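Coordinate-derived values only; no laboratory data. Note that the coordinates shown come from a computational prediction; the quantities given were computed from them, not determined experimentally. Note that each Cβ is placed from the backbone with ideal geometry, even for glycine, and that neighbours are counted across all protein chains shown.
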Amino acid sequence: MSEPLLRVSRLFKRFGGVNATDDLSLDVCVGEIHALIGPNGAGKTTFIGQLMGEIRPDAGDIHFDGASINALSTAARVRRGIARTFQITELLSEDTALANVALAVQAGQGHSFRFLGNAGVDPSLLGPAREYLTAAGLAERTDVRVSELSHGERKQLELAIALASKPRLLLLDEPMAGLGAAESRRMVDTLSGLKGSIAMLLVEHDMDVVFALADRISVLVYGRVVASGSPAEVQADSQVRAAYLGEGDA
Amino acid sequence: MADLKTTVAPASAGRTYAIIAIVLALLAALPFIADAIGQPALTSLATRISILAIGAASLNLALGYCGLVSFGHAAWYGVGAYVVGIMYRHSVSGDPFLGFSIGSDQLLVTLPLAILISGLFALVLGALSLRTSGVQFIMITLAFAQMLFFFFVALKAYGGDDGLIVRRRNVLPFIDTRDGPTFYWVCLFFAVAWFALMSRIVTSRFGRVLEGIRQSERRMAAIGVSTYPYKLACFVISGMGAGLAGALMANHARFVSPDMLHWTQSGEFMIMVILGGAGTLFGAAAGAVVLIGLETQLAALTEHWQVILGPLLVLMIIFTRGGLSGLVRLLRGGRNE
């Protein structure tokens, strides 16, 4: 197998006495969906924060596309091709769904030191933005303000914005959390439609979703990977059943 | 911006232009109206308001659109004024400044220089201030502005705390700036030009980034935007606008003093922006009109006018939610956030 798209080696992060990330090594290959599961407080969101450069690891190395990205800012990592969705949505709540995505399209078109043209009617921004909204299932809701969107629609909007930065690696932080059954199914459809073209690191509690989408699963407990492998292997692992799956099925 | 934020009926764009045209015509005719109703002092008041509206609009770009609560806006305003004052002083005395002959009483020379130098000050001090955010940013911009205030207080060569008198207004070719109405039209021209520029900027790609930064810097980073250069550019444009206002005010009042850089002046700009409605284009102008209008009217009634003005401002801001722009929206039956 060729060099993985994302390779994390021996990452450590401590908060006070807590090991949020403890000797974590993991990789994501091109086009693969790698699911990261684990109980609450296992350090999954902290891990995504470190991949994005929002949190500095204490030690360890993150390689993306063959180069170390340890020193890069969040914005620079996004420009390299990593995008994330937020577990607790982080949107421009005064703007419409369309304006949110258009801004992400704009950010992907180089610098924004353009002072005169009206960005609100620019077809080179709005056209692609509408396509990403459609891809995320929000075609009917483009002109609605974020503050008036439902929780599920905001999750979809998170995905549309992330897609607008044309990522090669998508970090999904609990994209299904809080979604209704129908919304959740639509999100799974959207993600499986993207499978193969974009590599994903999927953090998710919904085991049905994880087993439906993932090529590989890693189990994180107290910041440490306790098991990693194909869905069948992970399901069979006794340590995983004790730490997580048994508790999750209850 | 309107098309992105709310769904606006297409007819309202045409009506907006019609309203702007009528307001401009009335503003241009103001000196004649003032004479006709026997209130010639109104022209001078309107000149002052036009100038302060430029300053408020430029603060609005930083505060209202980008969310940069700068409490040092008067610094750039004062620097712009001092550029005019100092150049005038040298044009009269003929003394060189560090070996250079910098004297000028040409408005077309002093104004661009005032804008440039204010922008440079904003660039240097903004580059430092923008390393912080939130309350720290408010405090550090206040501190830098007060530093400049005390610098000019101590600058005995240029009047110290007595300030500098500009005996004659800067001149323009073919235009008599000493004439009150004429100078009003000059200031009105610059105010209209500045608001036109602001209206382009806030709907541009740059303006969209500023609004994004105000709403969520974390989101902006997550779509790949490094926010610092945009905040700095916004801060510098804001400083340049204040410099333009300061340079015009030095000509209007024919006097420059450190008081123009005092924190209370920064506070006054901030009140105009908040009163008018932060983040709305014409809010800054409305805020300048209402604040200076109220000050003038109340000062004519009683010397303790501030006792009335203070509570009045608090009430207006509480009950209109979003300043005068919020009030207009309420009256038109729109939603208020």
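Miscellaneous remarks
- Put a dot 7 Å past the Cα of B:Leu108, heading toward its Cβ, do the same for A:Arg56, and the two dots end up 5.4 nm apart.
- Choice from B:Glu303, B:Glu295, B:Glu268 showing the highest fluctuation, given a GNM over chain B with Cα pairs closer than 10 Å: B:Glu303
- R0 of 45 Å, Cβ-Cβ distance B:Ala41-B:Arg218: FRET efficiency to nearest 0.05: 0.30
- Among B:Arg332, B:Arg200, A:Arg7, a tally of other beta-carbon atoms within 10 Å of each Cβ gives an order, fewest to most, of B:Arg332, B:Arg200, A:Arg7.
- Using C-alpha pairs below 8 Å separated by at least 6 residues, the relative contact order for chain B is 30 percent.
- The range A:118-224: proportion of alpha-carbon pairs further apart than 17 angstrom, %: 56
- The fraction of all Cα pairs in the range A:92-165 landing in successive 10 Å bins from 0 to the largest distance is 22, 55, 20, 2, given as whole percents.
- Label sites at B:Arg168 and A:Ser147, each approximated as a point 7 angstrom past Cα along Cα to Cβ, lie 5.5 nm apart.
- In order along the range A:110-117, phi translates into HN-Hα couplings of x, 5, 10, 7, 10, 9, 10, x Hz, rounded to whole numbers, per the Karplus curve 6.51 cos²θ - 1.76 cosθ + 1.60 with θ = phi - 60° and x for Gly and Pro.
- The angle between the Cα long axis of helix A:151-164 and the main principal axis of chain A comes to about 80°, on a 0 to 90 degree scale.
- For the pair A:Asn40 and A:Phe113, label points projected 7 Å from Cα toward Cβ lie 4.7 nm apart.
- The local environment of B:Ser204, defined by Cβ-Cβ distances under 10 Å, has a net charge of +3 under the rule Lys, Arg +1 and Asp, Glu -1.
- Computed over the Cα atoms of the range B:8-73, pair by distinct pair, the Kirkwood hydrodynamic radius stands at 14.5 angstrom.
- Neighbour-count order for A:Met187, A:Met207, B:Met220, fewest beta carbons within 10 angstrom listed first: A:Met207, A:Met187, B:Met220
- Modelled label reach - B:Phe32, point 7 Å along Cα→Cβ, the range B:161-184 residues with backbone N closer than 18 Å: B:180-184
- When the protein assembly as shown is reduced to its Cα atoms, the Kirkwood hydrodynamic radius in Å: 26.8
- The relative contact order of the range B:36-139 comes to 25 percent, based on Cα pairs under 8 Å that sit 6 or more residues apart.
- All distinct Cα pairs of chain B go into the 1/r average, and the inverse of that average, the Kirkwood radius, is 20.7 Å.
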